[in-house]
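> Just dropping this structure here.
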Amino acid sequence: MKHFINIKDIPKKDLRKIIIDAKKRKNARKKLNNLEVDKGSPLKGKLLIQMFEKSSLRTRLSFYLAIKQLGGSTLTLRADELHLSKGGESIEDTAKILSNFGNAFMFRTDSDKKLEEFKKYLSIPIINGLSPSSHPTQILSDVFTVEEIKKKPISKLNVTWIGDSNNVLNSLIAASIKFDFKLNIGCPKNYQPNENILNYIKDNKNKIFLYNDKKKSVNGADVIFSDKVISMNDKVDKIKKLNHFKKFKIDKKLMSFAKKDCIFLHCLPRGKEVDEKVFSSKQSKVWQQALNRIHVQKSILLYCFGKLR
Ligand code: CP
Ligand code: NVA
């Protein structure tokens, strides 16, 4: 049994194995409908319990289909309906019940500490479906999408992030270190990654560069990533922050400074950080990106169950 909490804690070869498995599985079910089960039904009889302390559309749907396509099933708990949320039950006891009733737990939370606490008391795998510090299932899936579209290992590509230094970027930084790809980060000066992340970058041989100029950050880019400037539960002066990011909007002109065949990716939901003309252009691959979550999460589930081929 393995947990899937942070990309930085998962061995490189396991991350690569997940991507290879996802590719094979995606190819093998081209003619199947969403609810048809993969050959061999590898997670037959298994129950994935999901819980979201924050909103979700894609993660919820993609994990639902992921476990179904592997032959298992899912149950989504409403965080506000548990005794835990009202202080009436401990994480320890909640984790014990989850472990006795289910076979894996997918958790979107507002607290990294809670993820660690659950991990301590669960005897089933826990998957991080987004926390304040990371969004690992999203980024592993995005690495898959980039390689699928570009038909090259991501280590041979230049990736640019334009946006806030948030959970998604933290996971992208970890992916850059694990998969050895160049990553330019473009953001206003006051919104650079925090000291812990900068130290993590420094401690690992890396190809990560910071820019406070959006044009410079997209030079030679094969892929431009972005995310909402204001993340869920971001406790900031929103108007001020949005103003600071105005100069970093991704528009057609900016795309013209990147490589000709540069693609645009966004984990969604979007805000005003990207112009409609880019978002709805041919360069934008956001819908393919969202759908790939299913395929990669299936292989993440198999990894957690120790069933990755
Ligand atoms: N990208 C992503 O995680 O979307 P949701 O918040 O809708 O799950
Ligand atoms: N950074 C965003 C990602 C949403 C999928 C957030 O945390 O709200």
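The values are calculated or read from the model by the stated rules, or taken from the named source; none is laboratory data. This one's a predicted model, so the numbers in the text were calculated from it and none came from an experiment. Glycine gets a Cβ as well: all are built from the backbone with ideal geometry, and neighbour counts include every protein chain shown. What goes into the accessible areas is simple: the full protein's heavy atoms, side chains included, and nothing from ligands, DNA or RNA. Shrake-Rupley method; radii C 1.70, N 1.55, O 1.52, S 1.80 Å.
> Residues that are away from ligand 1 (no atom under 16 Å from the Cβ) and farther than 20 Å from residue 3 by Cα: find the strands (runs of 3 or more DSSP E) completely inside the range 47-128 holding 1 or more of those.
Passing ranges: none, list empty.
> Further question on the same structure: Looking only at the range 86-118, how many residues end up being closer than 24 Å to residue 136 by Cβ, open to solvent by 60 Å² or more (accessible area, probe 1.4 Å) and touching a strand residue (DSSP E or B) at 6+ places or on another chain (Cβ under 9 Å)?
Matching residues across the range 86-118 total 1.
> Then there's this: Can you name every residue in the range 216-250 that is of a type in the set (Lys, Arg), in a helix (DSSP H, G or I) and surrounded by 14 or more Cβ atoms within 10 Å (Cβ to Cβ)?
Within the range 216-250, 241 is the sole residue that qualifies.
> Condition (residue is farther than 27 Å from residue 111 by Cβ, surrounded by fewer than 18 Cβ atoms within 10 Å (Cβ to Cβ) and not acidic (Asp, Glu)) applied to the range 50-67: is it met by at least one residue?
Checked against the condition, which is being farther than 27 Å from residue 111 by Cβ, surrounded by fewer than 18 Cβ atoms within 10 Å (Cβ to Cβ) and not acidic (Asp, Glu), the range 50-67 yields no hits at all.
> Could you say which residue among 294, 263, 224 is within 16 Å of ligand 1 (Cβ to nearest atom) and of a type in the set (Val, Ile, Thr)?
Within the list 294, 263, 224, the selection yields 294.
> If you check 228, 247, which single one turns out to be out of contact with any strand residue (DSSP E or B) (no Cβ under 8 Å at 6 or more places or on another chain), under 26 Å from residue 130 (Cβ atoms) and either within 15 Å of ligand 2 (Cβ to nearest atom) or charged (D, E, K, R) (or both)?
Of the residues listed, the single one that is out of contact with any strand residue (DSSP E or B) (no Cβ under 8 Å at 6 or more places or on another chain), under 26 Å from residue 130 (Cβ atoms) and either within 15 Å of ligand 2 (Cβ to nearest atom) or charged (D, E, K, R) (or both) is 228.
> Filter the range 195-230 for residues that are under 19 Å from the mean Cα position of the chain (by Cα), under 24 Å from residue 270 (Cα atoms) and free of Cβ contacts under 8 Å to residues at least 40 places away in the same chain and give the result.
none
> Still on this structure, please answer the following. Kindly indicate whether residue 206 is surrounded by fewer than 18 Cβ atoms within 10 Å (Cβ to Cβ), touching a strand residue (DSSP E or B) at 6+ places or on another chain (Cβ under 9 Å) and at pLDDT below 95.
yes
> Here's something else I'd like to know. Go through the range 172-186 and give me each residue that's open to solvent by less than 10 Å² (accessible area, probe 1.4 Å) and not polar (S, T, N, Q).
Of everything in the range 172-186, those that are open to solvent by less than 10 Å² (accessible area, probe 1.4 Å) and not polar (S, T, N, Q) turn out to be 172, 173, 174, 175, 181, 183, 185, 186.
> A follow-up question, please. All but one of (1) at pLDDT 95 or above; (2) more than 16 Å from ligand 1 (Cβ to nearest atom); (3) open to solvent by less than 70 Å² (accessible area, probe 1.4 Å) hold for residue 195; state the number of the condition that does not hold.
(3)
> State whether one or more residues within the range 155-171 are in contact with a Phe, Trp or Tyr (Cβ under 7 Å, 6 or more places away or on another chain), surrounded by fewer than 18 Cβ atoms within 10 Å (Cβ to Cβ) and more than 30 Å from residue 90 (Cα to Cα).
Yes, some residue in the range 155-171 is in contact with a Phe, Trp or Tyr (Cβ under 7 Å, 6 or more places away or on another chain), surrounded by fewer than 18 Cβ atoms within 10 Å (Cβ to Cβ) and more than 30 Å from residue 90 (Cα to Cα).
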